[in-house]
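Have a look at the structure below before the remarks.
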Amino acid sequence: MVCCIGARLVYSVYAALDVSDLKIVAWSDFMVALWWLKNHGDWSVFVASRVNESNSLVPSQFWPGELNPADLLSRGSSPRLFSDSLWSEGP
């Protein structure tokens with residue numbers, strides 16, 4: 001649901017700005033949702049509806065799960081990796 005709400009927000013801002021060359025990157029720290037957005041699996045009607053809506057607003061290639069700085073702590077990273085990450089640089 002959070003990815004769907006995020007996709008709605010990204011789409012609304014993108015449409016309001018009317019900038020076609022703007023690069024879109026949508027982040028989530030929930031790897032299961034990112035897996036669903038990549039269209040893997042057979043979901044319930046609720047999940048399938050949210051996945052379809054999210055992908056119609058923000059295609060799955062704009063959800064880079066492997067580069068997600070928000071997911072760094074849940075991957076068991078070392079203090080050194082954490083200090084060298086995007087967290088110290090800000091958004």
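Where a number appears in this text, it was derived from the coordinates with a stated rule and is not lab data. All of these numbers come straight from a predicted model, not from anything done at the bench. Virtual Cβ from ideal backbone geometry, glycine too; neighbours counted across all protein chains shown.
Computing FRET efficiency as 1/(1 + (r/R0)^6) for Ser12 and His40, where r is the C-beta to C-beta distance and R0 is 22 Å, gives about 0.20.
Highest mean packing comes first when the peptides 33-45, 8-20, 49-61 are listed by Cβ atoms within 10 Å, giving 49-61, 33-45, 8-20. With a cut-off of 17 Å on the backbone N, the residues of segment 7-31 near the modelled label site 7 Å out from Val47 along Cα-Cβ are 29-31.
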